[in-house]
1. Look at the stretch 113-157 and say how many of its residues are surrounded by 13 or more Cβ atoms within 10 Å (Cβ to Cβ) and closer than 30 Å to Leu190 by Cα.
2. Step by step: first the residues of the stretch 95-106, then only those that are touching an Asp or Glu at 6+ places or on another chain (Cβ under 8 Å), in contact (Cβ under 8 Å) with a residue 40 or more places away in the chain and in a strand (DSSP E or B), then the one that is surrounded by the fewest Cβ atoms within 10 Å (Cβ to Cβ). Which residue is that?
3. Does the stretch 29-51 hold any residues that are acidic (Asp, Glu) and in a loop (DSSP other than H, G, I, E, B), and which are they?
4. Could you give every pair whose Cβ atoms fall below 6 Å, whose first residue belongs to the stretch 189-207 and is within 13 Å of Thr172 (Cα to Cα), and whose second residue is in a loop (DSSP other than H, G, I, E, B), counting only separations of at least 6 or pairs across chains?
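Every number in this text was worked out from the coordinates using simple rules, so none of it is lab data. What you see is a predicted model; the values in this text were computed from it and never measured. Methodologically, a virtual Cβ is constructed for each residue, glycine included, from the backbone with ideal geometry; neighbour enumeration extends over all protein chains shown.
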Amino acid sequence: MTFDDGYGDDPTEPLSYAFESIAPVPEGDREFAVEVGVRLRSVSIPSSLMDIWYFDIDDPDWAWTDPRPRIRGPALGLETVIRNRNSNGFFYVEFVDSEMPGGYWDDVEEPADHLDGDFVVPSKGMSMVAFGATYAYEAHLLPIERTAGRFGLSLLAGGGVGMGVLMGRLDTWSPDSDGNPSYKRWLDGLPPDSDKDIPRVYPMIDVTGAFRFNFGDRLVARIEGGLHTMLYYGASLGVVL
C-alpha cells in the first residue's frame with residue numbers, strides 16, 4: 001500500500017537536468033570546465049579622487065552653476081571562463097559607454113583662479129572598447145556536492161590586466177584673452193577651441209571580488225565589485241558548456 005500526502009513525489013533529478021537538452025553533459029571526466037556568459041557593470045571614478053586635481057561646486061568661489069561632471073557609465077561585456085576546482089581564468093571583451101555630461105573643469109592651483117577653467121563636452125560617440133584577462137581563486141562556501149548537485153556558493157578573489165581603446169572626442173572651450181570665461185563662450189554658441197588632447201589607449205587593471213552562485217551543473221551567476229581601472233560593481237550570467 002502507498003500513501004499519498006498530496007504534495008507529489010520527491011524530486012528524483014537534480015536541477016541540472018533541465019539544462020541538458022541545451023548543453024548536454026560531456027562524456028568522460030575533464031580536469032576543467034568552460035563557461036561563457038555576459039556581464040553588466042557600472043564603472044565610475046570617485047569624486048573624492050578627482051578633488052585632488054579639480055575644484056567642485058562645494059568650493060565657495062566656484063564660478064559655474066552646476067557641479068563638476070562625474071566620470072561614469074555602464075559596461076557590457078562577453079566573457080569566457082576556463083575553470084577547475086579552485087582556479088578561474090576570465091577572458092573578456094566589453095563596451096564601456098560614457099554618461100559624463102558636458103561641464104566646467106577648473107584645475108586646482110595656488111592661488112586659485114576660478115575663471116581659468118575649461119568647459120568640456122564629450123562627443124556623442126564617447127566610449128571605450130576593452131579586452132583582457134583576469135585570474136581568480138575560488139573558495140567554496142557551500143560546495144555543490146552537499147546539495148546533491150542543485151546549488152553551490154563560492155567566493156572569488158583575484159586580479160588581471162587588459163587594454164582599453166577610447167573612441168570619440170572631448171570638445172573644449174577655453175577662456176579668451178578678453179577675460180571671457182570658457183562657460184560664457186560655450187553659452188554664446190561659439191565653436192570649440194580644440195579637441196582636448198587625451199590618451200587613446202589605457203591599461204585596464206583589475207582587482208576583483210565576487211560571489212558565485214551555481215545552479216545545477218549548467219547555470220552560473222556572479223555578483224561582483226572592485227577595481228577595473230575605475231571602481232565598479234555588477235553582475236554576470238553564464239552557462240557551463
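1. The qualifying residues number 14.
2. Here the residue is Trp105.
3. First, the residues of the stretch 29-51 that are acidic (Asp, Glu): 29, 31, 35, 51.
Across the stretch 29-51, the qualifying residues are Asp29, Glu31, Asp51.
4. What qualifies is Asp193/Ser174; Asp195/Arg169.
Yes or no, residue by residue, for (1) closer than 18 Å to Ala133 by Cβ; (2) acidic (Asp, Glu); (3) in contact with a strand residue (DSSP E or B) (Cβ under 7 Å, 6 or more places away or on another chain):
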residue	(1), (2), (3)
Val201	yes, no, yes
Met204	yes, no, yes
Gly209	yes, no, yes
Asn214	no, no, yes
Val220	no, no, yes
Glu224	yes, yes, yes
Ala235	no, no, yes
Val240	no, no, yes
